[in-house]
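Asks: This is the structure I have questions about; it appears just below.
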Amino acid sequence: MSDHDEQQQPAPHRGKVLEALARAERQVFTRPAPKSAKAQVKFLLTRAKGSTKALAERLGVSRRTVERYRAGTLTTPQKRLQDALVEETESEWQPQVRAQARAAAATSRGMMVDVTAYFGFTCTGSSDDGRQRQITTDISPTYVKQILELQETGATEEDLHPIVAEAITESYFTELGTRADGLRADFTQVLKIDFRF
């Protein structure tokens, strides 16, 4: 059984850095998030204080669609709605666990980044052609705090690239300022990125 109301809005698209941050948060969950559409809708309705209208607007579907999934008369959402349900459920799941992991990363632990990207370089006195690199390095808590604050304020992928590139430059390329003075690395294209709290 399908519902034409599910096709009201296009699926939201997050960039690679934002998606990697969301995946890192999912890795700290201590319990799995609800998996079925009915369980996800019921959970999200508790977060929306029972308002089917608010949840319908958030998911980009009609109130009737939300009611049908809550009642179990619809069970298999189309891909766009399924993706929205997973994203919204996981963004609300275990907020205290996520907050603790984020706070620890931003104050003491830092975060690990594993990135494959094209880096362009500029340096005082010399230059290096941009090229693809695969880098795994720790990011200091100072940069983690800036990245997470930008994410919380609704920063775009393009807003995050410079600060992530700066964090990688400090940690990997200049080894915390002990070499390559004045070097600056920028992403020209991110192929793959993962963060770990």
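Asks: When the dipole is taken about the Cα centre of the chain, and only Lys, Arg (+1) and Asp, Glu (-1) are charged at their Cβ, what size is it in debye, to the nearest 20?
Replies: 1160 debye
Asks: Something else now. Could you work out the relative contact order of the chain, using alpha carbon pairs under 8 angstrom and six or more residues apart, expressed as a whole percent? Numbers along the way, then the final one.
Replies: Details: 298 pairs, mean separation 52.7, N = 197.
Relative CO of the chain lands at 27 percent.
Asks: Could you point to the label whose value was computed as mean projected area of the Cα convex hull in nm² for the structure here, given [x] 14.7; [y] 11.2; [z] 12.2?
Replies: [z]
Asks: Counting only trypsin sites (Lys or Arg not before Pro) that are in a DSSP loop and have at most 11 other C-beta atoms within 10 Å, tell me the longest site-free stretch of the chain.
Replies: Of all site-free stretches, the longest is 50-178.
Asks: Gain in length, Glu149 to Ala22, computed as 0.36 nm per residue apart minus the alpha-carbon separation, to one decimal in nm?
Replies: Working it through step by step, the gained length comes to 44.3 nm.
Asks: Separate question: Could you give me the ³J(HN,Hα) list for segment 68-74, computed from phi with Karplus coefficients 6.51, -1.76, 1.60 and θ = phi - 60°, whole Hz, x at Gly and Pro?
Replies: Whole-Hz 3J(HN,Hα) from phi for segment 68-74: 5, 5, 4, 6, x, 6, 10.
Asks: Please report the Cα spread of segment 22-67 along all three principal axes, rounded to whole Å, starting with the longest.
Replies: Between the extreme Cα coordinates on each principal axis of segment 22-67 lie 33, 17, 17 Å.
Just so you know, all these numbers are worked out from the coordinates, no wet-lab data involved. Note that the structure is a prediction, hence the values are computed from the model and not measured. Heads up, the Cβs are rebuilt from the backbone with ideal geometry, glycines too, and the neighbour counts pull from every protein chain shown.
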